[in-house]
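Derivation of every value follows stated rules applied to the coordinates shown; laboratory data play no part. Keep in mind the model is a prediction, meaning the values are calculated, not measured.
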Amino acid sequence: MKRTQFVRNLLGFSILPFWGCHWQDKKEKASLANAVVSSDKEEKIPAKLKEELIAAWVRSEEMTLTNVEQMPPELFTFKYTPEAMSFSEQWRHCVIYTCGQLADRAGIENPYENVKLPVQMPKEDVIKELKNMYAHVRKSISELSNEKLLSDCEFAGETIPIWRLFYAMENHIIHHRGQCVVYLRLKGVVPKGYYGW
């Protein structure tokens, strides 16, 4: 090996530890900065998520009540086949199922645990119970701890975060709201057009 090559190698290897320490120090500082930013984001994410969930449930209530209010009171017991749920039962089911699932899977209090709703309810009672359910869900979202909101639960054969369970419950209501649109059509009621999200 030539002498100049030897000196270059020697100098290169001799400053490598210093460069490595400097690089490691920069890496640790960057990691620490990211940790601070991440913890700030973690605090903001649940707050933003709660806002979005509450907004989704406010809009869901508006669309649900629009549907329910269109059905004439005398048709709340209407079923399109004997084995189907009546218009009233569709909404009773949504109230009981939503509160029961949130209680069982997210540990939220169930206001219907010791309440037996009648199978057939008049229009004013359906509206009252739907309003109670929506208020309960929004209150539960706002009071849920960040840890609980981000924790997991089992649902439909999957493990999902609790925040996603709230969307699953709203999706369940959408399913029944769609069925109730058909009930309206079958009774000659033209449902209100698309009213946005």
Pop out the ³J(HN,Hα) list for segment 86-101 in order, Karplus 6.51 cos²θ - 1.76 cosθ + 1.60 with θ = phi - 60°, rounded to Hz; leave Gly and Pro as x. 6, 4, 4, 5, 3, 6, 4, 4, 4, 4, 5, 5, 4, 5, x, 5
Of LYS131/LYS187; LYS48/LYS148; LYS50/LYS148; LYS79/LYS123; LYS50/LYS192, which ones are farther than 22 Å apart at the Cα? LYS131/LYS187; LYS50/LYS192
Work out how far the C-alpha atoms of segment 148-193 reach from end to end along every principal axis, then list the three figures in whole Å, largest first. 45, 19, 11
The set of residues whose placed amide H lies less than 5 Å from the amide H of PHE155, leaving out same-chain residues fewer than 5 positions away, is ILE160
Based on a Kirkwood Rh over C-alpha pairs, give the Stokes-Einstein translational diffusion coefficient of segment 69-197 at 4 °C and viscosity 1.567 mPa s in µm²/s. 81 µm²/s
Calc'd 3J(HN,Hα), segment 130-140, phi into Karplus 6.51 cos²θ - 1.76 cosθ + 1.60 (θ = phi - 60°), Hz, glycine/Pro = x, comes to 5, 4, 4, 4, 4, 5, 4, 5, 4, 4, 4
